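Have a look at this one.
The values are calculated or read from the model by the stated rules, or taken from the named source; none is laboratory data. This structure is a prediction, so every number in the text was calculated from the model and none was measured. Using ideal geometry, Cβ is built from the backbone for each residue, glycine included, and neighbour counts are taken over all protein chains shown.
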Amino acid sequence: MTSGGDMFTHSFIHSFFSFSGETRLNKEKILQGQGVDEPLSDAGHVQAAAAGRFLSRVVFTHAFSSDLTRTKQTIHGILQESKFCRQLTVKYDLRLRERKYGIAEGRALSELRAMAKAAGEQCPAFTPTGGETLAQVKTRGKDFFESLCQLIGDEAASRGPAPPSAPSQRLETLLAEVSPPGQSDRWDSNSQPAGPGLAASVLVVTHGAYMRNLFDYFLTDLKCSLPPALGKFELTSVSPNTGISVFLVSCEEGRRPALQCVCMNLVEHLHEAPDTA
C-alpha cells in the first residue's frame, strides 16, 4: 500500500466495530435499511451508554459512523462516557449505511422472507426490488476499509514512527475485567502489536447487515485470523445491538492489510444495563 507524499512502512490499527443500539422497529422486527431513519429507543440509549462505559478507557484517535440517526445517537452515547475522547470529532460516512432493502423497508422481516420464498431464494441472499445485493454492500465496506487504512498510513507517514501503546490502549486488562469465568478463549490474548507502536485506535459504529458483509470481506478476502474458539459462523452472524468486535490491522507498504480478530460481538457490557422494557 502506498500513500501520498512520504511512504509509510508499517502501521498498526485497533479497529472497534459496534452495531447501533436498539430502535423500536428492531424490537418489532421491522426492516429499516436506509429509508426508515428511526431513532434509538430508551433501551437503545441505555445500550449505547453501557458500551461507552465498557470502552471508556480506550484512547480513540478516530471515530466514524453511518449518517443515519440510530448510529449517530449510538456513537454519541459511547463517546459521552469516554474518559479521554468526549470531544473527538465524528466523521459521518455514507459508505457505512445499512444495506438498502428497497420495497421491503418499513415492512416486517417475515414479509421479506415471504418475498424471498416466492422468488425461489433465501434470505439474506435475496435482493428485494430497489435493494442492494450482498456484493454491493460488501463493495461499500471494502471501499471504506481501504480508505481507512490509507488515511492512517498517510498520517503515520507524516508524523513518523508511533510510540509504544499507552496502557489505556491495551486490551488484555479491559477484556479480562468483563470476561465470564472460563471464556477467555473468546478473544486472542496476543492482540498487541509487536515492534512499532499503535498508529490509531478507530471507533466505527454501523449496522448489522452491513457489518456481516464487511466481516465476510475480512474473512474471505483478507484471510483474517480468528481467536481459537471463534469460527466462521460467528464472524458472519448479525451482531446483537451494540455488540463490540475488535480487529488488529497491520498495514505494510506494498501489501494488503493483515487482520487479526481480537474478539467478536462482545455483549458483556449489556449485563450491567437495566431492562427498560
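Could you list all residues from segment 122-153 that are in a loop (DSSP other than H, G, I, E, B) and either closer than 24 Å to E253 by Cβ or touching a strand residue (DSSP E or B) at 6+ places or on another chain (Cβ under 9 Å) (or both)?
Those that are in a loop (DSSP other than H, G, I, E, B) and either closer than 24 Å to E253 by Cβ or touching a strand residue (DSSP E or B) at 6+ places or on another chain (Cβ under 9 Å) (or both): T127, P128, G130, E132.
Check segment 225-242 and report whether any residue there is of a type in the set (G, A, S), surrounded by fewer than 19 Cβ atoms within 10 Å (Cβ to Cβ) and at pLDDT 75 or above.
There is at least one residue in segment 225-242 that is of a type in the set (G, A, S), surrounded by fewer than 19 Cβ atoms within 10 Å (Cβ to Cβ) and at pLDDT 75 or above.
If the Cβ limit is 7 Å and pairs must be 6+ apart or interchain, which residue in segment 147-163 that is closer than 14 Å to T61 by Cα pairs with which residue that is at pLDDT 90 or above and not polar (S, T, N, Q)?
Partner pairs satisfying both residue conditions: L148/V202; C149/V249; C149/P257.
Give me the pairs: first residue in segment 83-107 and at pLDDT below 95, second residue part of a helix (DSSP H, G or I) and small (G, A, S), beta-carbon distance under 9 Å, and six or more apart or on different chains, which are they?
Matching pairs, first to second residue: K83/S168; F84/S168.
Yes or no, residue by residue, for (1) without any contact (Cβ under 8 Å) to a residue 60 or more places away in the chain; (2) under 14 Å from F145 (Cβ atoms):
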| residue | (1), (2) |
| --- | --- |
| H207 | no, no |
| R212 | no, no |
| D221 | no, yes |
| L226 | yes, no |
| A229 | yes, no |
| S237 | yes, no |
| T242 | no, no |
| S245 | no, yes |
